[in-house]
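What follows draws every value from the coordinates through simple rules; no lab data is involved. Nothing here was measured: the structure is a model prediction, and the numbers come from that model. Using ideal geometry, Cβ is built from the backbone for each residue, glycine included, and neighbour counts are taken over all protein chains shown.
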């Protein structure tokens, strides 16, 4: 197969932990041809979605890990699969890219995850589709409504709707002397919508990333355990990753959501679970492949390529 990866600049990859690199490595091992582009390479001419795309070859070295060939102008439907792996933020430019991906799909391109699904499943707001699995949650841009929720719930997490890696997250309480300024700042004085969730003390045991591939759960999750004195377990915020078998509750959540997410066009999803509660549905560029693979021997990248081959080589 010819597989095109839409990703952040390759030179920025930390390949010892990068999930997109793990996918590339497995695809290359299977003899598939790899191509790379960035979202800002996409364009439309004469109604067709095209891009400047470069072939890449993996070298097996830690530093100069790839060799880039001469770029060429291609239609996205010339590839057997297009993997959208650009990291958030999900800003206006990202949104425009998903529209171009949807247009490319109408022209025969196979895009994973689908553009429409990326638009429909905001990584924070998507949990609102599954309230039976979540902690008490409020979404609002009005500081007064948010303050009332904090007063009702007590210990509360506030988070922006468009970031990743734990950026911009606050833990507050009704008596926090900075609560007013935090709410004013996060909502831009009532102009920006944010999410508030009851704080889950089980975070001390890890914020678990449960991966779904083609609707089926990977048998291991990665518990991201906060540093002492830290609320966030995100690896980008200094959390420690510990691979574990899924609990019965993890599996129940995954099996309940998996068929619906698959039907929506989501090949790869990362569910975030704290204790027994779903907190996020990550669809843009779910990670934690490498940590699970290194600690358990479970070939997560192989499971993804199996699913990709089923869909594209049928």
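List of remarks:
- Over the Cα atoms of the chain, the radius of gyration divided by the Kirkwood radius equals 0.98; this is the Rg/Rh ratio.
- Using the Cβ-Cβ distance between residue 252 and residue 163 with R0 set to 30 Å, the FRET efficiency works out to roughly 0.60.
- Taking a ≥ b ≥ c as the square roots of the eigenvalues of the Cα gyration tensor, the stretch 91-186 is prolate, since a/c reaches 1.5 or more and a/b is larger than b/c.
- A crude spin-label estimate for the pair residue 227 and residue 119, with each label 7 Å from Cα along the Cβ direction, gives 4.0 nm.
- By the Cα gyration tensor, the stretch 70-137 has an equivalent ellipsoid whose semi-axes, rounded to whole angstrom, run 29, 13, 10 from largest to smallest.
- The sum of -39500 (n - 2.57) across all DSSP H runs of n ≥ 4, divided by the residue count of the chain, sets its helix-only mean residue ellipticity at 222 nm to -8500 deg cm²/dmol.
- Multiplying the residue separation of residue 33 and residue 192 by 0.36 nm and removing their Cα-Cα distance gives an extension gain of 53.0 nm.
- The stretch 201-299: radius of gyration over Cα atoms, expressed as a fraction of 2.2 N^0.38 Å: 1.01
- Counted residue by residue at 0.36 nm each, then reduced by the alpha carbon distance between them, the extension gain from residue 91 to residue 295 reaches 70.0 nm.
- When peptides 295-303, 212-220 are ranked by their average number of other Cβ atoms within 10 Å per residue, the highest-first order is 212-220, 295-303.
- Whether the stretch 2-116 is rounded, prolate or oblate, judged on the alpha carbon gyration tensor where a/c under 1.5 counts as rounded: prolate
- Whether the stretch 124-173 is rounded, prolate or oblate, judged on the alpha carbon gyration tensor where a/c under 1.5 counts as rounded: oblate
- Residue 13/residue 242 FRET efficiency (R0 22 Å; Cβ-Cβ; nearest 0.05): 0.40
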